[in-house]
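The values are calculated or read from the model by the stated rules, or taken from the named source; none is laboratory data. The shown structure was predicted, so the numbers you read here are calculated from the model rather than taken from an experiment. Cβ placement follows ideal geometry from the backbone for every residue including glycine, while neighbour counts extend to all protein chains displayed. Calculation scope for accessible area: heavy atoms of the full protein, side chains included, ligands and nucleic acids excluded. Shrake-Rupley method; radii C 1.70, N 1.55, O 1.52, S 1.80 Å.
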Amino acid sequence: TCVLPHAASSRSGDTPGFPVTIGAGTGRSFKLTSDLQVPDQNTTAILITASNVSLDLNGFSIQGTTTCTFTPYATCTPSGTGIGVSGPGGTEVRNGSIIGMGGRGVSLTFDASISDLRVLNCGNGGIALGPGSVARSLVASANSGTGVSLDFRAAIHDSVVANNGGFGVLAGRGTVVRNNVVNSNQFDGLFCSG
């Protein structure tokens, strides 16, 4: 399999095919050991159902079938419902690329942490994070829809958000936005609510 617990040679509890599911009782720390290629725009690559899981993409890519053009911002086809990584509270995702998903590249709920990710060419927005989440060292570029959407009490630092077909950064109440490059998005580069 492609997602392994640290210090283990195989992962039980997951059936072959997509989504790769990380559930309760399978461990808390996982590492990708190869690229993942999803078959269509409606397939989710990795579905995390347990809280407080750490996923290291280990420099590999999750690759979908959606392609985008941008002049000056992204238009992507086909769009769909497939998400690169989806997860609940406390999820951490880091160190890799998510490219060409039909839906969002990353969709996580509260208190999530993402870092050192490239999220490109996704059909329904790049990244969506829930309350209390933090995003660092990202490239969210050429996605249809909003590049990075943050709920309240969140933060984004040291990232590049460009050429998206919606808002660049959509920041909820009490969110910190610091040291970012936000350029050439279809709507406001930074839209703050609250």
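To put it simply, the accessible area of the range 139-194 at a 1.4 Å probe is 51 percent carbon and sulfur. Taking the charge dipole of the chain about its Cα centre, with +1 at Lys and Arg Cβ atoms and -1 at Asp and Glu Cβ atoms, the residue from Ser133, Ala24, Val160 reaching farthest to the positive side is Ser133. For the range 1-151, the solvent-accessible area of protein heavy atoms averages 39 Å² per residue (probe radius 1.4 Å; ligands and nucleic acids excluded). Can you tell me what share of the DSSP beta bridges in the chain is antiparallel? A percent to the nearest 5 is fine. Taking every DSSP beta bridge with both residues in the chain, the antiparallel ones total about 10 percent. Evaluating 6.51 cos²θ - 1.76 cosθ + 1.60 at θ = phi - 60° for every residue in the range 110-118, the Karplus couplings come out as 5, 6, 8, 9, 10, 7, 6, 10, 10 Hz, glycine and proline recorded as x.
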